Amino acid sequence: MGIAGSGGAEEARPGGYRPQQTPRCPCPHGLAGSLAALQTLQRKVVIANPNGLHVRPAAVFKQAADRFQSQVTLHFGGRRADGRSVMDLLTLGAQPGAEVVLEVSGPDAAAAIEILTQILSAPEPPALGQVPEEGS
């Protein structure tokens with residue numbers, strides 16, 4: 001009796017289990033084998049606000065990030081911040097002209113990265129509740 005996977009075809013293991021060749025999502029939401037639906041995008045963005053990433057732009061950024069399913073992270077100076085936490089964003093200490101890395105991971109990453117880039121690269125953020133819409 002040989003060891004499963006040692007040359008030739010894979011042998012069935014007890015209980016009929018066969019190792020899968022492709023990764024499968026164990027979730028019940030129907031994405032089995034569709035891990036490509038989750039994408040991670042990164043973009044370098046320069047903070048254009050003359051006061052840096054302070055409370056108001058951080059609050060607008062958080063409000064925009066909350067509209068998306070994707071996970072949002074900002075990287076700066078060897079630190080990372082959850083894009084859904086104003087406090088995390090403030091602790092980055094990103095000053096005017098700082099280059100941050102925006103990372104968005106999830107099913108709506110492409111739309112999220114566009115809107116969030118607009119907010120970070122704007123000299124003046126939109127007012128709370130006036131977050132840009134997709135395609136604007």
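Please work out if residue 43 is open to solvent by 80 Å² or more (accessible area, probe 1.4 Å), of a type in the set (D, E, K, R) and at pLDDT 95 or above.
no
State which residue pairs qualify: first residue touching a residue at least 12 places away in the same chain (Cβ under 8 Å) and inside the stretch 65-92, second residue part of a helix (DSSP H, G or I) and open to solvent by 40 Å² or more (accessible area, probe 1.4 Å) in any location, beta carbons under 6 Å apart, and separation of 6 or more residues or different chains.
Once the first residue is touching a residue at least 12 places away in the same chain (Cβ under 8 Å) and sits in the stretch 65-92, its partners that are part of a helix (DSSP H, G or I) and open to solvent by 40 Å² or more (accessible area, probe 1.4 Å) give 84/62; 86/62.
Anything in the stretch 89-106 that is open to solvent by 60 Å² or more (accessible area, probe 1.4 Å) and either modelled with pLDDT under 95 or in contact with a Lys or Arg (Cβ under 8 Å, 6 or more places away or on another chain) (or both)? List them, or say none.
Selection gives 91, 99.
Would you mind stating whether residue 78 is farther than 11 Å from residue 113 by Cα, in contact with a Ser or Thr (Cβ under 9 Å, 6 or more places away or on another chain) and not acidic (Asp, Glu)? Break it down stepwise before answering.
Working: farther than 11 Å from residue 113 by Cα: yes; in contact with a Ser or Thr (Cβ under 9 Å, 6 or more places away or on another chain): no; not acidic (Asp, Glu): yes.
It is false that residue 78 is farther than 11 Å from residue 113 by Cα, in contact with a Ser or Thr (Cβ under 9 Å, 6 or more places away or on another chain) and not acidic (Asp, Glu).
Of everything in the stretch 55-67, what is hydrophobic (A, V, I, L, M, F, W, C) and either within 19 Å of residue 40 (Cβ to Cβ) or crowded, with 21+ Cβ neighbours inside 10 Å (or both)? Give them in sequence order.
Answer for the stretch 55-67, where residues must be hydrophobic (A, V, I, L, M, F, W, C) and either within 19 Å of residue 40 (Cβ to Cβ) or crowded, with 21+ Cβ neighbours inside 10 Å (or both): 58, 60, 61, 64, 65.
So which residues in the stretch 68-88 are assigned to a loop (DSSP other than H, G, I, E, B) and either surrounded by fewer than 14 Cβ atoms within 10 Å (Cβ to Cβ) or not charged (D, E, K, R) (or both), if there are any at all? Spell out how you get there, then give the answer.
First pass over the stretch 68-88, keeping only residues assigned to a loop (DSSP other than H, G, I, E, B): 68-70, 77-78, 83-85.
Result: 68, 69, 70, 77, 78, 83, 85.
The values are calculated or read from the model by the stated rules, or taken from the named source; none is laboratory data. Computed from a prediction, not measured in an experiment: that's the story for all the values here. Note that each Cβ is placed from the backbone with ideal geometry, even for glycine, and that neighbours are counted across all protein chains shown. Surface accessibility is based on the protein's heavy atoms, side chains included, excluding ligands, DNA and RNA. Shrake-Rupley method; radii C 1.70, N 1.55, O 1.52, S 1.80 Å.
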